[in-house]
Amino acid sequence: MALLEIKGLKVSVEDKEILHGIDLSVGAGETHVIMGPNGAGKSTLGFAIMGSPEYEKTDGTVSFDGEDITEESTDKIAKKGIFLSFQNPVEVPGVTLSSFIRNALEQVTGERIRLWDFKKKLAKAMEALDMDPSYAERDLNVGFSGGEKKKAEILQLLMLRPSLAILDETDSGLDVDAVRTVSAGIEAYKKDVGGALLIITHSTKILEALDVDRVHVIVDGKNACEGGRELVDNINENGFEQFVK
Amino acid sequence: MEKMYVNHLPCITWKWLKMNGVESSDLPVSASRITADVPSGWTVSDDTAAQGSDIAANSNAEIEKALFADKIVTGLGPDMDRLIKEADVPVLRLTASADEPLVIENIYKDGDSKLSAVEITIPDGVDAVVTEKFISEDVCSDGNAVCGFQTRLIIGKNASVKLDQVQKLAKNVVFYNDIGTFNAENGRFELVEVILAGGSTYFGSRSNLAGRESSLDIEMAYLVKGKEALDSNIAAFQRGKRTDAQIRVNGVLKDEAKKLTKATIDFKTGSTDSVGSETEDVLMMSDNVVNRTVPLILCTEESVEGVHGATLGRPSEEIMTYMMSRGLDKNQIYDIMEKARLDAAAAKIHDEQTRREIAEYLHPGEETE
Ligand SMILES: Nc1ncnc2c1ncn2[C@@H]1O[C@H](COP(=O)(O)OP(=O)(O)OP(=O)(O)O)[C@@H](O)[C@H]1O
Ligand SMILES: [Mg+2]
C-alpha cells in the first residue's frame with residue numbers, strides 16, 4: 001500500500017477547475033519529482049493534498065497511510081505527517097520563528113518539549129542550514145529574503161520530521177551556496193527521518209544528491225507523462241512541448 | 001462627588017459625540033496610602049496634601065490654559081484630581097534617583113474601594129525606572145471592587161522616566177488608571193502599558209511636552225475579553241520645538257469585549273519641527289466585540305509631521321492556512337497570535353520579576369525564560 005494515494009483528483013479554485021483528474025502514488029520513503037510548465041497546477045496539487053480550504057476537491061480521493069483524507073482539515077493532515085514547504089512562504093507578524101516551531105512541534109508530536117532541549121535542537125538545525133541564530137527570535141518570515149524564507153521552510157521540515165514532505169520549488173530563488181545547504185538539509189531529512197519526498201521543481205540541482213524513484217509530468221492539470229530519473233534529463237533537453245497536445 | 005466625568009477628548013466633535021468623554025458613578029471612596037519599598041536613593045516628601053483642581057472636566061479651553069501654564073493635567077482629567085482631594089488621599093511625593101528602580105505593587109481585594117496617588121519628580125539629568133502593578137488578589141474572583149490610581153510625573157531637563165504598568169484585575173473590578181506628565185527640555189517619558197485583565201478600565205495618560213525636544217513613547221498592549229470594557233484616552237500636548245510623541249497600541253478583543261481608544265496628538269503653535277505618530281492594531285477574535293478608535297491629530301502649527309494609522313482584523317486566510325499546515329488548529333492560532341502581542345509588550349518591561357509574572361499568567365505551566 002502506498003503512503004500517499006491520489007485517485008482521479010479534480011480541484012477547483014473559485015469555481016474554476018484547475019486539476020482535471022490527477023493520479024499519483026508515493027510509497028513510504030520514496031522520492032518523487034513533479035515537473036510541468038508554469039500554471040500547470042503543481043502548487044494547486046500541493047495545496048489540495050494539504051487540504052487548504054480555498055482548493056475545493058470536486059472529485060476523486062486523497063488517502064494517506066491508508067486513511068481517506070480528502071475531506072480532512074489542514075491542521076489534521078499536518079498532524080498525520082504531511083508537510084508542505086510553500087512556494088511563497090507567508091509572513092506572520094508578531095509570532096517568532098522559534099515560538100512558531102515550538103508550538104507546531106508540540107502539536108504534531110502531541111508532547112510538551114523542554115524549552116532547553118528545544119532551543120538546542122533548533123540551534124543545531126539552524127547551524128546546519130547556515131542560518132543566523134538571531135533569526136530564531138525574529139517574526140516568522142517577516143522581512144526575510146526569498147532565500148531565507150526557503151531555508152526557514154526546510155528548518156521547519158527538519159524540526160517537524162513529517163513522513164511525507166512536499167517541497168514546492170524550494171530550490172528557486174536560492175544562490176549556489178544556499179542550494180547546496182538546502183540540499184544537504186533535505187538529504188539529512190531523508191537520512192534521519194526516512195520520510196518520502198514529493199519535489200516540485202524546475203531545476204535539477206536539488207535532485208543531484210537524491211535517489212529519484214519516479215518523475216511525474218503535469219500539464220494543464222492532467223498527468224501528461226511518468227517515468228524514471230531519465231525523464232528529468234529529457235525535459236531539460238526538449239522542454240514540455242512534447243507533452244502538450 | 002456622585003459622578004465623575006473622565007477621558008475627555010481634547011477636541012469636541014459632533015461626529016464622535018458619544019465618545020467625547022464618559023460619566024461614571026462607580027467611584028472609589030477610601031483613601032489608600034501607597035506602601036512601597038522606596039529605594040534608599042529616593043527621597044520622600046512630608047507634603048502629602050492633594051492639589052485638587054478648579055478646571056472644568058469637559059472644558060478643553062481650561063485644560064489647555066492649565067497646560068500652557070506648565071501644569072499637569074492628567075489623561076482621565078480634572079475630576080480625578082477632585083476625587084482624590086475629596087477623599088483626602090495622601091499623595092506619596094517622591095524625588096527619583098537613577099540608582100535603583102521603584103516598584104509599587106497594588107493588590108486589590110474583593111470589596112475594595114481604594115484610591116491612591118503618587119507624584120514623582122525626576123530631577124534634571126536623572127533617568128528613573130518605575131514599575132506599577134495593579135493586581136487582584138484573586139484574578140478569577142467575581143467579587144466587586146472599585147479602585148483608582150494616579151501617577152504624576154514631573155520630568156526635569158535631560159531627565160527620563162520609564163514607567164511600566166501591568167494590570168491584572170478580576171472581571172468585576174472597575175479601575176481608574178490616571179497618568180499625567182510634565183516634560184521639561186529634552187525630558188522623556190516612556191510608558192509600557194500591559195493590560196491583561198480587568199472588568200471595566202478607564203485609562204488616561206496626558207503629557208505636557210512643554211520643553212524643547214521633550215518626548216514621549218507609549219507602547220500599550222491590551223487583552224479585553226468576556227464582558228470587559230476598556231476606555232482609553234491618550235494625549236500628547238506638544239508645545240516645545242522638536243518634540244516627539246510616539247504612541248503604539250496593540251490589542252486583542254475577544255468575546256463581547258468593548259473598547260474605545262482615543263489617541264490625540266496636539267501640535268500647538270510654537271511646536272515647530274515636532275513629530276508625532278499614533279498607531280493602533282487590533283485583533284478581533286469574535287464578531288461580538290465593539291471596537292472603536294478615535295485617532296486625532298490637531299494642528300495649529302505648520303512645520304510638524306503627524307501620522308496615524310489603524311489596522312484591524314483577524315489573521316488573513318493565507319496566514320491561517322500556513323499556520324494550519326504546521327498542525328495548529330484555528331483556536332491555537334488565535335491563542336498564539338493574541339499572546340504574542342502581549343508577550344511583545346511584556347518583553348519591554350524592565351522589572352524581571354514582573355516579566356516573569358506576566359509570562360506565568362499568559363503561559364501557565366509552560367517553561368519560559
Ligand atoms: N488561489 C488561486 N486563485 C486563483 N487562481 C489560482 C489560485 N491558485 C491557482 N490558481 C490558478 O491555477 C492555475 C495553476 O496554478 P499553480 O500555482 O498550481 O501552477 P504551478 O504549476 O504551480 O505553476 P508555477 O510553476 O508557476 O509555480 C493557474 O492558472 C493559477 O492562476
Ligand atoms: Mg507553483
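The values are calculated or read from the model by the stated rules, or taken from the named source; none is laboratory data. Everything quoted here is computed from the prediction, not taken from an experiment. Counting neighbours? That spans all protein chains shown, and the Cβs are built from the backbone with ideal geometry, glycine included. Surface areas here come from the heavy atoms of the whole protein model, side chains and all, with no ligands, DNA or RNA. Shrake-Rupley method; radii C 1.70, N 1.55, O 1.52, S 1.80 Å.
D for the stretch B:4-314, whole µm²/s, Stokes-Einstein with Kirkwood Rh over alpha-carbon pairs at 10 °C and 1.306 mPa s: what number?
On the way: Rh = 19.2 Å.
The diffusion coefficient I find is 83 µm²/s.
Counting Lys and Arg as +1 and Asp and Glu as -1, what is the net charge of the other residues whose Cβ lies under 10 Å from the Cβ of B:Asn177? Result for the neighbourhood of B:Asn177: -3.
Overall shape: prolate for the stretch B:196-312, with the ratio a/c of the largest to smallest alpha carbon gyration tensor axis at 1.5 or above and a/b above b/c.
What number comes out for the charge environment of B:Thr311, summing +1 per Lys or Arg and -1 per Asp or Glu over other residues with Cβ under 13 Å away? Taking every Cβ under 13 Å from that of B:Thr311, the sum is 0. Taken as entire DSSP H runs, the helices of chain A that both span 24 Å or more between Cα atoms along their own long axis and average 0.0 or more on the Kyte-Doolittle scale are A:176-193. Among B:Glu302, B:Glu338, B:Glu317, the residue with the largest mean-square fluctuation in a Gaussian network model of chain B, with springs joining Cα atoms closer than 10 Å, is B:Glu317. GNM remark for chain B: springs join alpha carbons under 10 Å apart, and the peak mean-square fluctuation among B:Phe237, B:Phe175, B:Phe68 falls on B:Phe68. Expressed as a whole percent, the accessible surface of the stretch B:4-314 that belongs to carbon and sulfur atoms is 47, based on a 1.4 Å probe. Calculated FRET efficiency, A:Glu14 to A:Thr61, Cβ-Cβ distance, R0 = 22 Å: about 0.45 to the nearest 0.05.
Using the beta-carbon distance between A:Ile113 and B:Lys330 and R0 = 25 Å, what value does 1/(1 + (r/R0)^6) give for FRET efficiency, to the nearest 0.05? Efficiency, from the Cβ-Cβ distance: 0.65.
Taking Cα pairs under 8 Å and at least six residues apart, what relative contact order does the stretch B:4-314 come out at, in percent?
Details: 1000 pairs, mean separation 40.0, N = 311.
The normalised contact order for the stretch B:4-314 reaches 13 percent.
The average projected area of chain A, computed from the convex hull of its Cα atoms over all directions, is 13.0 nm². Of all the options A:Ile206, A:Ile113, A:Ile18, the one that moves most in a Gaussian network model of chain A with Cα springs shorter than 10 angstrom is A:Ile113.
How large is the charge dipole for the stretch B:4-314, taken about the Cα centre, if only the Cβ atoms of Lys, Arg (+1) and Asp, Glu (-1) carry charge, to the nearest 20 debye? Mind showing how you got there, number by number?
Values: 32 positive and 47 negative charges, 131 e Å.
Dipole size: approximately 620 debye.
Around A:Phe64, what is the net charge, scoring Lys/Arg as +1 and Asp/Glu as -1 over all other residues with Cβ under 9 Å from its Cβ? So the surrounding residues net to -4.
Dipole of chain B computed with +1 at Lys/Arg Cβ and -1 at Asp/Glu Cβ about the Cα centre; of B:Ala57, B:Gly41, B:Asn250, farthest Cα towards the positive end is B:Ala57.
With a threshold of 22 Å on the Cα-Cα distance, the over-threshold entries among A:Lys80/B:Lys254; B:Lys18/B:Lys258; A:Lys124/B:Lys339; A:Lys76/A:Lys124; A:Lys7/B:Lys330; B:Lys18/B:Lys259 are A:Lys80/B:Lys254; A:Lys124/B:Lys339; A:Lys76/A:Lys124; A:Lys7/B:Lys330. Association of chains A and B removes close to 2200 square angstrom of accessible area from solvent, both sides included, for a probe radius of 1.4 Å. Legend: translational diffusion of the stretch B:1-158 by Stokes-Einstein, Rh = Kirkwood radius over C-alpha pairs, 25 °C, 0.890 mPa s; D = 143 µm²/s. Placing unit charges on the Cβ atoms of the charged side chains and taking the dipole of chain A about its Cα centre, the candidate lying farthest along the positive direction among A:Gly173, A:Thr74, A:Asn238 is A:Thr74.
Which percent, to the nearest 5, of DSSP beta bridges fully inside the stretch B:4-314 are antiparallel? Can you show the working numbers first?
Numbers: 5 of 132 bridges.
Given both bridge residues lie in the stretch B:4-314, the antiparallel proportion sits at roughly 5 percent.
Explain nothing, just the number: dipole magnitude of the protein assembly as shown about its Cα centre with +1 on each Lys and Arg Cβ and -1 on each Asp and Glu Cβ, in debye rounded to the nearest 20. Show your work: numbers first, answer last.
Numbers: 68 positive and 103 negative charges, 114 e Å.
The dipole of the protein assembly as shown has a size of about 540 debye.
Taking every protein chain into account, the accessible area of the protein assembly as shown amounts to 42 square angstrom per residue (probe 1.4 Å). Taking only the Cα atoms of the protein assembly as shown, the radius of gyration and Dmax are 29.5, 94 Å. In this simple spin-label model, placing a label point 7 Å from the Cα along the Cα-to-Cβ direction at both A:Asp132 and B:Glu360 gives a separation of 3.6 nm. Projecting the Cα atoms of B:Gly226, B:Met324, B:Ser271 onto the dipole axis of chain B, where Lys and Arg carry +1 and Asp and Glu carry -1 at the beta carbon, places B:Ser271 farthest toward the positive end.
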